[in-house]
Amino acid sequence: MTKPVSLDIPLRGTRDYLWSGDILAALDRLAKTDAPQGYLRSVVIRKLLHREAEVHFSPHADASATFQLCHGHVSRNGWLIESARLLQRRIAFDETPIRRAASVFPEHVRLPRPVAGYCTFEQLIVLGKELCAQIHPGDWFFTMFEVVQPIREEAALELILLQKILGRCAILELRQSGKAIGKLQSVLKQGTFQ
């Protein structure tokens, strides 16, 4: 049995939960510890994490999220557990430079080049929030991410709205170089829908 791995993820801004962009980035970094070409293939977040996150590589009934790391043709499933340890760090986060660099169209948003100082997952989630705001203003939470290949950090990012469900859920297609490489799902926080 593999020992649990603690993820060093700070709180962002005024949030009292771990931001999905940070969860995705931390899991992608974990994939690269085994092999430089490793990447996060998928994650499903079932509930917000308000405490330190631990990675387990055996099934766990209390998992807040499940994920799959990919290393070539080998994949590894994992479970993200909320530990009893309180989060100790908080950092500022300004989404404005990403928003300014994005081209926003009806049901489509594009970032033509990476924004310096922000990782790919930070940029991806901010773009997704911009797109979801077209459906309904409010707090959107990303609950699913999956790709069929690694995201290329130097390439443009595009998100296209594939489906909206009852104005509370959005399925977004992730594209790079005009090719669909994955999907994201986001849900509107309860209490922000009228």
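Here are the numbers:
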quantity: Members of segment 52-71 found to be surrounded by 16 or more Cβ atoms within 10 Å (Cβ to Cβ) and hydrophobic (A, V, I, L, M, F, W, C), listed by number; calculated: 53, 55, 63, 65, 67, 69, 70
quantity: Failed criterion for residue 104 (all others in (1) crowded, with 16+ Cβ neighbours inside 10 Å; (2) at pLDDT 95 or above; (3) of a type in the set (A, V, I, L, M); (4) touching a helix residue (DSSP H, G or I) at 6+ places or on another chain (Cβ under 9 Å) hold); calculated: (1)
quantity: Those residues of segment 50-76 which are acidic (Asp, Glu) and in a loop (DSSP other than H, G, I, E, B), in sequence order; calculated: 52, 62
quantity: In segment 92-119, residue nearest to residue 134 (Cα to Cα) [restricted to those that are in contact with a strand residue (DSSP E or B) (Cβ under 6 Å, 6 or more places away or on another chain) and not small (Gly, Ala, Ser)]; calculated: 107
quantity: Filter pass, residue 74 being more than 16 Å from residue 7 (Cα to Cα), surrounded by fewer than 18 Cβ atoms within 10 Å (Cβ to Cβ) and at pLDDT below 95; calculated: yes
quantity: Every pair of residues 6+ apart whose Cβ atoms lie under 6 Å, when the first sits in segment 96-111 and is touching a residue at least 40 places away in the same chain (Cβ under 8 Å) and on the phi > 0 side of the Ramachandran plot while the second is crowded, with 16+ Cβ neighbours inside 10 Å and aliphatic (A, V, I, L, M); calculated: 107/161
quantity: Residues within segment 161-188 that are modelled with pLDDT of 95 or more, surrounded by fewer than 16 Cβ atoms within 10 Å (Cβ to Cβ) and not basic (Lys, Arg), tallied; calculated: 4
quantity: Residues satisfying the stated conditions in segment 1-46, i.e. of a type outside the set (Asp, Glu), out of contact with any strand residue (DSSP E or B) (no Cβ under 8 Å at 6 or more places or on another chain) and without any contact (Cβ under 8 Å) to a residue 40 or more places away in the chain; calculated: 3, 14, 15, 29, 33, 36
quantity: Residues of segment 1-22 satisfying the condition of being of a type outside the set (Lys, Arg) and part of a loop (DSSP other than H, G, I, E, B); calculated: 1, 2, 4, 8, 9, 10, 13, 14, 16, 17, 18, 19
quantity: Candidate set: segment 77-101, residues that are surrounded by 11 or more Cβ atoms within 10 Å (Cβ to Cβ) and more than 18 Å from the chain's Cα centre (by Cα); chosen: the one nearest to residue 59 (Cα to Cα); calculated: 83
quantity: Unique residue being surrounded by 13 or more Cβ atoms within 10 Å (Cβ to Cβ), over 17 Å from residue 121 (Cα atoms), hydrophobic (A, V, I, L, M, F, W, C) and within 17 Å of the chain's Cα centre (by Cα) when the list is 27, 40, 49, 7; calculated: 49
quantity: Residues satisfying the stated conditions in segment 143-159, i.e. within 22 Å of residue 96 (Cβ to Cβ) and in contact with a Cys (Cβ under 9 Å, 6 or more places away or on another chain); calculated: 153
quantity: From 32, 47, residue being farther than 15 Å from residue 6 by Cβ and in a loop (DSSP other than H, G, I, E, B); calculated: 47
quantity: So residue 64, is it touching a Lys or Arg at 6+ places or on another chain (Cβ under 6 Å), closer than 23 Å to residue 181 by Cβ and free of Cβ contacts under 8 Å to residues at least 40 places away in the same chain; calculated: no
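The values are calculated or read from the model by the stated rules, or taken from the named source; none is laboratory data. Quantities reported herein were computed from a predicted structural model and do not represent experimental measurements. Positions of Cβ are backbone-derived with ideal geometry, glycine not excepted, and every protein chain shown enters the neighbour counts.
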